[in-house]
Amino acid sequence: MQNQYSEVVGVIVAGIFLALLLVGFIITMLVVYRKKQYQHQQELLHARLEIQENIFKNLSEEIHDNIGQELSVLKLTLSVIAVKKEEEAEKFISESKGMVNHIITSISDLSRSLHTDRIIKIGIIEAVKFELEKIEKTNLFKTSFSYADVEFQMNPGNEIFLFRIIQEVINNIIKHSRAQNIHADLIYKENRIIFTFTDDGIGFDVKEAMQRPSSNRGIGLTSMVNRAKLIGGQLSILSQPGKGTKTVIEIPAVIAGNQPA
Amino acid sequence: MDFYLIAILISFIASLTGLALVKEFRTPVLLCFSFFLLISFSVEYIGNDMSMRNKHTASLYNYFTLFEFIFYLFFFRALFTNPRIKKIILFSSIFYFIITLLNILFLQGRTTFHTYTYVLGCTLIVLFSIMYFYSLLKFPEKGTLTKNPFFWIVSGLMFYYTCTFSLYGLNNFIAETMQQYSKNLFLISDTLNLLLYTSFSIGFLCKINIPKLLGLS
């Protein structure tokens, strides 16, 4: 009897052990799969951003080399048309020259915003300054930019990603905020640079906007958050309807000369 | 009725439920799987009945396990999209079919369980299961794994055949020399069957939206 009892216990224990083994395997598989899924999504996003950067670069070169050049020729042609000052046509030619000048400046600004190598060359601070100045020129917004007087180093690829996130933040402000003032702030804290963009616009419900399908919000807030994560950083948005918006981007960076061996 | 027979019956009912409620389950492979579960239940029922009446079941299980392995190999063939792997599985199936038939007819005989080729079959199933999990991890898809019926089915198969590899591989030896342990070992085998058919059932039920079905959402 005792023998039979121990056999039954043995079989039950073995059964439980096998069941636990199967459950353990399934849980491990689910965890690893989730990790791989995340990794795969990051890789896809990375590849997509790289392709986007290449397109931007080509587009920028096309704009600069072809359209820009043709507009310069047009400007030159307008300058050499022989008309007397008092003639009516002179007024139109002068206006046209002004318009061509304006288009050349806009196109040159666009080309500079898109060009990946230029952003790496001038650095993130100058690139952000340039973007804000560009907005200021529209006379629709007043901008200001304060930054810490430290030289930091970032991986060039990360710098481009960061700049594209910033462009998206600025773009969102222009498109949706109805703000009058935009303030950008850059500080350096514990091996991280922290960019803060504040506007005095209409604000929005962050939670609700995050849940909206991506087609309704352009490139989208979730996409910006994912891009920041991709370069080891984080992006947070603080906003409430009627109370403006504050976007904080934190990215790892090292003070120049303080790089780890 | 033995509890593992009930588990097979439940998994057959689960497969019918899954097929009735989830449109995307109505693929040839899952329809065949459901039919296969019905065959499994019938054979196991007959086998159980025969052993109750002290009749030899080796012959029945020899042919049934051969059919079972070939079915699982074709199931794996349908799972993979890589043509090279599909070809490997097809050749493995043909090779396995010939080898097992030769073994049953000429080597181990019809009245002895075909342990050699059973072990080979287990090895093939475990190998293709590992390949399936590897491909799952290498090319992860969107959505959760818990909603993937093949994940549950392959998990059950891999686990079952890893464990029964030695259990049934030593079937004849245990039956002859360690009869006192034989009963316990086959109780463990029943437990493994229970786990296998439970994972099949989960596989067929995993995509059913129960709150929607009950009108709660």
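Tabulated results
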| read-out | value |
| --- | --- |
| Failed item in (1) at pLDDT 85 or above; (2) crowded, with 17+ Cβ neighbours inside 10 Å; (3) of a type outside the set (Ser, Thr, Tyr), with B:ILE94 passing the rest | (2) |
| From the options A:SER96, A:SER72, residue that is of a type in the set (Ser, Thr, Tyr), modelled with pLDDT of 80 or more, surrounded by 14 or more Cβ atoms within 10 Å (Cβ to Cβ) and in a helix (DSSP H, G or I) | A:SER96 |
| Some residue of the range B:45-59 being on the phi > 0 side of the Ramachandran plot and in a loop (DSSP other than H, G, I, E, B) | yes |
| All positions within the range B:9-66 that are among the hydroxyl-bearing types (Ser, Thr, Tyr) and either farther than 28 Å from B:THR112 by Cα or over 19 Å from the mean Cα position of the chain (by Cα) (or both) | B:SER11, B:SER15, B:THR17, B:THR27, B:SER34, B:SER51 |
| Test: residue in the range B:75-83 that is among the basic types (Lys, Arg), out of contact with any strand residue (DSSP E or B) (no Cβ under 7 Å at 6 or more places or on another chain) and surrounded by 13 or more Cβ atoms within 10 Å (Cβ to Cβ) | yes |
| Residues of the range A:192-209 classified as touching a Pro at 6+ places or on another chain (Cβ under 7 Å) and among the acidic types (Asp, Glu), total | 1 |
| In the range A:24-59, residue farthest from the other protein chains (Cβ to nearest Cβ) [restricted to those that are surrounded by fewer than 12 Cβ atoms within 10 Å (Cβ to Cβ) and among the β-branched types (Val, Ile, Thr)] | A:ILE55 |
| Enumerated helices (runs of 4 or more DSSP H) restricted to the range B:98-217, each holding at least 3 residues that are more than 14 Å from chain A (Cβ to nearest Cβ), closer than 30 Å to A:VAL31 by Cβ and touching a residue at least 40 places away in the same chain (Cβ under 8 Å) | B:115-138 |
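Each row is one residue, and each column tells you yes or no for (1) surrounded by 15 or more Cβ atoms within 10 Å (Cβ to Cβ); (2) of a type in the set (Asp, Glu); (3) within 16 Å of A:PRO252 (Cα to Cα); (4) touching a Lys or Arg at 6+ places or on another chain (Cβ under 9 Å).
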position	(1), (2), (3), (4)
A:ALA127	yes, no, no, yes
A:THR138	no, no, no, no
A:THR143	yes, no, no, no
A:SER146	no, no, no, no
A:MET154	yes, no, yes, no
A:ILE174	yes, no, no, no
A:ASN181	no, no, no, yes
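The values are calculated or read from the model by the stated rules, or taken from the named source; none is laboratory data. The structure presented is a predicted model; accordingly, all values stated were derived computationally and were not measured. Cβ coordinates were reconstructed from backbone atoms using ideal geometry, including for glycine residues, and neighbour counts include every protein chain displayed.
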